[in-house]
Amino acid sequence: MMDPILALMTLAGSEAAVAGYAEITPAHLLIALSRASESDLESQFDTVLLQGEFAQLGIEPRRFRRRLRALVGKGGQPPPDGPLHRSAACKTVFAWAHTLATGEGKPPGLEHFLRAAFALLAWGGPRGEARGPMDTCQKCGLAVQAVVVNGRRQCPTCGAPLDTTHAAPRPPIDDIPVEL
């Protein structure tokens, strides 16, 4: 059996290549995660776990995948000669997934990638031009765009107050090589 994260990257890479993208984006990860939740792939993935995660979010994976494919559209790139690499936003998903897993005292699992990809799409992240100043959360170590709650700037991921007067913590560990 292949490592679930490598199998996920294989699925995401094939989604990106078929759609004509030069790199794997968080949307391709979400499409791959929705595919991984199907019973025909249960030999490679914990489909019950992913089905539960999608159910908690109130999302039917097949309909979600079809809608997301339509939104992502075609990238217009010819199929690559070699493996596809992760976009900057996709690498951020990996870092967030690792941070979420570490917070739970677990190794990163597909459920962490699902939550991290949704968080990135919901709260934004590196997508070409910055959409405002980014802060580094001292608690979770993520580069985030602050949200204001009751007049205080907070991390949208963990809710910790954002204070930019302290030195930035070390970035989260990403076990996948940088070149991918």
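Each value in this text was obtained by applying a stated rule to the coordinates, not by laboratory testing. The structure presented is a predicted model; accordingly, all values stated were derived computationally and were not measured. Cβ sites come from the backbone with ideal geometry, for glycine too, and all protein chains shown count toward neighbours.
So the values come out like this:
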| read-out | value |
| --- | --- |
| Other-chain or far-sequence residues with amide H under 5 Å of Arg153's (modelled H) | Leu162 |
| In sequence order, calculated HN-Hα J values of the stretch 91-98 (Karplus, 6.51, -1.76, 1.60; Hz; x Gly/Pro) | 5, 5, 4, 4, 5, 5, 4, 5 |
| Karplus (6.51, -1.76, 1.60) ³J(HN,Hα), θ = phi - 60°, over the stretch 8-19, in Hz, Gly and Pro reported as x | 4, 5, 5, 4, 5, x, 5, 4, 5, 5, 4, 7 |
| HN-Hα J in Hz across the stretch 67-76 - Karplus 6.51, -1.76, 1.60, θ = phi - 60°, x for Gly and Pro | 5, 5, 4, 5, 5, 5, x, 9, x, x |
| Ranked list, fewest to most other Cβ atoms within 10 Å of each Cβ, for His85, His112, His28 | His85, His112, His28 |
